[in-house]
Every structure is written in C-alpha cells, then in structure tokens.
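Undergrad: My questions will all concern the structure given below.
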Amino acid sequence: MIVTVTLNPCIDKTIYLHQLSIGAYNRVKSTRSDLSGKGINVSTVLSRLQAQTRCMGLNFRGNAQMLEQVLNRRGLTQDFVLTDGEIRTNVKLFDESCQVMTEINEAGPTVSARAVDILLDKIEAILDETYLLVLSGSIPPGVPVDIYRRIIRMAHRKDVKTVLDASGDPFLLALEEKPYLIKPNAFEFEQAFQKEIQAGKSPLEVAKNVVDSGISYICISMGSDGALLVDKDHAYRAAPLPVEAKGLTGAGDSMVAGMCYAIRRRLGPEAMLRYAMAAAGGSVRLEGTLLTSKEDLEELLPQVEITIL
C-alpha cells in the first residue's frame, strides 16, 4: 500500500486572468475552487491508476466535512486526525497571456501538540502495511518543524521507503534521515542547495552529491524545461511535453504519483521519469487542481522523450 500524509490540506481557488497587471485593475475571466493538499492529490492519481492507497494527515473541524465528502466521492480510504480550525484557502492567479501562476497561500490554523502525537501514533501503526510513505506539502503552525524527519525515522525502523516533496526547513531537516526519493522543483532545489550552487557547482553536480549522500533518487521538476532524475548510476533528462497549460497546481503531485506507481510496480528509473512526466502532463492541461486520469497517462506515456546524460 502507498500511504500519503497531508498535514495542511487546502481549498485551491484558481482565478483565471487574460493578463495579470500588478497594482492595477484586473478583470477576472473565470474562477474555480478545488479541495486539495499535496498528499491528497498524490493519492487521488494513484487511485485512478488502480494502486492501493490511503490518505492520512490533519483535518480541521470548521469545515472538516468538505474534505471527508470529497475523499469519499473519490473513493479514497482516509484516516485523518480532527483538530480545531478551518481548512485554509490558497489563491492561484493564472495569467493566460504568459501561462504563469502566482500563488498566495495561507499558513493554516495552529495545531495542538496532542493532535500531532495522535497522528504520529496512527502513522506508526500503519507502517507494517505500507510499501511507500509519501510526505508532501507545507506544515501548519504548531506542527514541529522536524515532523518529516521524525516520520522518516519511524519508517526506516520498519524498512518502509519514503518519498519527500516539501520545502524550507522541514525539507532540509528531513534530508538528514535519507529518504528514498525527493522531488523538489527548480526553485526549491536552488533554495535548499544554494551554498553549493553559489560555490560554482552545476545543478547536476549537486544532484549527484545528494544521491552520493545516501538518497536513492532525486527528481527535479523544472516546469517548461522538463525534469531531471538522478540515481547512483545515471542522470535522466525528460523533455517537456507539448501540452497547453491550463492549470499548473497539482502537476508536481501528479509527478510524484507517477513515480510512486512505477516504484510500486518495481520499474526502473527511466520508467519512473516517464510515468512522472506523463502524469504531470495530464494534470497541466486540466483547469484548476483537476488531476490526471489513467486515460491521460496512457495517452501521454509514448510521447515522453528521455535522454540519458
């Protein structure tokens, strides 16, 4: 089973503009709202690919039924810890003239230490049934900054592979426990390894150093430049797919889901990247935080072009 952990679920409100003018009047072309969260998105795509998955994390009493109803409609198994507050709203401004997304994300409600302890106990209890554990997204106030590091340490005691898709201090601290796969985007990668990059090392050199440190795979998503996957033997570069971008939110989560699907099927690194790109491409061409389907993935898989560097 592939278990995903979402600590800070959200409502993504995507606003489409013909062209975004900062500091000026902007007319909205259309809007849509989607219940989201990085781990939830990963599980949604995995479920559509007929992979066994379970959503775990934190839910908030103020509008908890919204999350529960959406996951039930998607047929997803869920086990969330209920705590005070309301699910946050993130605003996504999509400039259609240049296909650029501007994001304005709320921090989320403050979480009690008791809720964190209950969640950690739940995660530990499910590890015996877990093949892959996916930790992704931001952490709300009150959750310890080393939460991902602690969870990865628990998983390693049970020989469970972990996938990390986060940023900032939670990401950096978790790297100390050597997750199986990490997936920063280009900006997150530059932030995390800015000292090495400023010292003159190329992104590929830095990625190889990360793998040499004990992390099996690093995948860097680079938007319109495609993606890079590095393991101990090779580096694989995927060209961007020729799809029209309508919704960028959730594409990175679809990419993680594609790689998890390939890992669960015990496929090699080239196949991991191929599934990642096809899943991401299927999401990019859908509005808002709509996510790729099995049909999207199967259509796009043959179109992925990969070069071994």
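Undergrad: Restricting the first residue to the range 1-16 and requiring it to be closer than 27 Å to Gln50 by Cβ, which pairs with a second residue that is of a type in the set (D, E, K, R) and not in a strand (DSSP E or B) meet a Cβ separation below 7 Å and a spacing of at least six or different chains?
TA: As it stands, the answer is Met1/Glu129; Ile2/Arg264; Thr6/Lys38, since those pairs meet every condition given.
Undergrad: Out of Ala51, Ala64, Ala24, which single residue is open to solvent by 50 Å² or more (accessible area, probe 1.4 Å) and aliphatic (A, V, I, L, M)? Step through it out loud before you land on a result.
TA: Details: Ala51 fails: open to solvent by 50 Å² or more (accessible area, probe 1.4 Å); Ala64 fails: open to solvent by 50 Å² or more (accessible area, probe 1.4 Å).
The unique qualifying residue is Ala24.
Undergrad: (1) at negative phi; (2) open to solvent by 50 Å² or more (accessible area, probe 1.4 Å); (3) not in a strand (DSSP E or B): which one isn't true of Asp159, the others all being true?
TA: Of everything listed in (1) at negative phi; (2) open to solvent by 50 Å² or more (accessible area, probe 1.4 Å); (3) not in a strand (DSSP E or B), Asp159 misses just condition (1).
Undergrad: Here's a follow-up. For the range 76-124, name all the residues that are open to solvent by 60 Å² or more (accessible area, probe 1.4 Å) and at positive phi.
TA: Of everything in the range 76-124, just one residue is open to solvent by 60 Å² or more (accessible area, probe 1.4 Å) and at positive phi, namely Gln99.
Undergrad: Next question, about the same structure. Anything in the range 2-21 that is part of a loop (DSSP other than H, G, I, E, B), surrounded by 15 or more Cβ atoms within 10 Å (Cβ to Cβ) and not aliphatic (A, V, I, L, M)? List them, or say none.
TA: Residues satisfying the conditions are Asn8, Pro9.
Undergrad: A further question follows. Does Leu135 satisfy being of a type outside the set (Phe, Trp, Tyr), modelled with pLDDT of 95 or more and outside any helix (DSSP H, G or I)? It would help to see each step written out before you state the result.
TA: Details: of a type outside the set (Phe, Trp, Tyr): yes; modelled with pLDDT of 95 or more: yes; outside any helix (DSSP H, G or I): yes.
Yes.
Undergrad: Let me ask something else. Pick from Val91, Val111: which is part of a loop (DSSP other than H, G, I, E, B) and either farther than 16 Å from Lys13 by Cβ or touching a residue at least 60 places away in the same chain (Cβ under 8 Å) (or both)? Walk me through how you get there before you give the answer.
TA: Numbers: Val91 fails: part of a loop (DSSP other than H, G, I, E, B).
Only one candidate passes the filter, namely Val111.
Undergrad: Hey, another quick one. Do any helices (runs of 4 or more DSSP H) lying entirely in the range 193-309 carry at least 1 residues that are of a type in the set (S, T, N, Q), buried (at least 19 other Cβ atoms within 10 Å of the Cβ) and without any contact (Cβ under 8 Å) to a residue 24 or more places away in the chain, and which ones are they? Talk me through it step by step, then tell me what you get.
TA: Values: elements: 194-198, 203-212, 251-264, 269-284, 294-300.
Fully inside the range 193-309 and qualifying: nothing.
Undergrad: Taking the stated definitions as given, is Val206 modelled with pLDDT under 95 and touching a helix residue (DSSP H, G or I) at 6+ places or on another chain (Cβ under 9 Å)?
TA: On the way: modelled with pLDDT under 95: yes; touching a helix residue (DSSP H, G or I) at 6+ places or on another chain (Cβ under 9 Å): yes.
Here the answer is yes, as Val206 does meet what is asked.
Undergrad: Could you please let me know if Ser36 is open to solvent by less than 10 Å² (accessible area, probe 1.4 Å) and within 20 Å of the chain's Cα centre (by Cα)?
TA: On the way: open to solvent by less than 10 Å² (accessible area, probe 1.4 Å): yes; within 20 Å of the chain's Cα centre (by Cα): yes.
Yes.
Undergrad: Taking the residues in the range 269-309 that are over 19 Å from the mean Cα position of the chain (by Cα) and among the acidic types (Asp, Glu) as candidates, determine which candidate is nearest to Cys219 (Cα to Cα).
TA: Taking the range 269-309 as the starting set, the residues that turn out to be over 19 Å from the mean Cα position of the chain (by Cα) are 270, 295, 298-309.
Next, from what is left, pick out any that are among the acidic types (Asp, Glu): 270, 295, 298-299, 305.
Numbers: Glu270: 11, Glu295: 24, Glu298: 21, Glu299: 22, Glu305: 16 Å.
Within the range 269-309, the match that is nearest to Cys219 (Cα to Cα) is Glu270.
Undergrad: Here's a follow-up. Hey, does the range 169-189 have a residue that's crowded, with 19+ Cβ neighbours inside 10 Å, within 16 Å of the chain's Cα centre (by Cα), of a type outside the set (D, E, K, R) and at pLDDT below 95?
TA: Looking for residues that are crowded, with 19+ Cβ neighbours inside 10 Å, within 16 Å of the chain's Cα centre (by Cα), of a type outside the set (D, E, K, R) and at pLDDT below 95, one finds at least one in the range 169-189, hence yes.
Undergrad: Kindly indicate whether any position in the range 170-188 is among the β-branched types (Val, Ile, Thr), touching a residue at least 40 places away in the same chain (Cβ under 8 Å) and within 24 Å of Thr307 (Cβ to Cβ). Spell out how you get there, then give the answer.
TA: We begin by selecting, within the range 170-188, every residue among the β-branched types (Val, Ile, Thr); these are 182.
In the following step, the residues that additionally are touching a residue at least 40 places away in the same chain (Cβ under 8 Å) were identified as none.
Checked the range 170-188: no residue is among the β-branched types (Val, Ile, Thr), touching a residue at least 40 places away in the same chain (Cβ under 8 Å) and within 24 Å of Thr307 (Cβ to Cβ).
The values are calculated or read from the model by the stated rules, or taken from the named source; none is laboratory data. In this text, all values refer to a predicted model and were calculated from it rather than measured experimentally. Here the Cβ is made from the backbone with ideal geometry for all residues, glycine too, and neighbour counts use every protein chain on show. The protein model used for the area step is the full one, side chains on, heavy atoms only, and it has no ligands, DNA or RNA in it. Shrake-Rupley method; radii C 1.70, N 1.55, O 1.52, S 1.80 Å.
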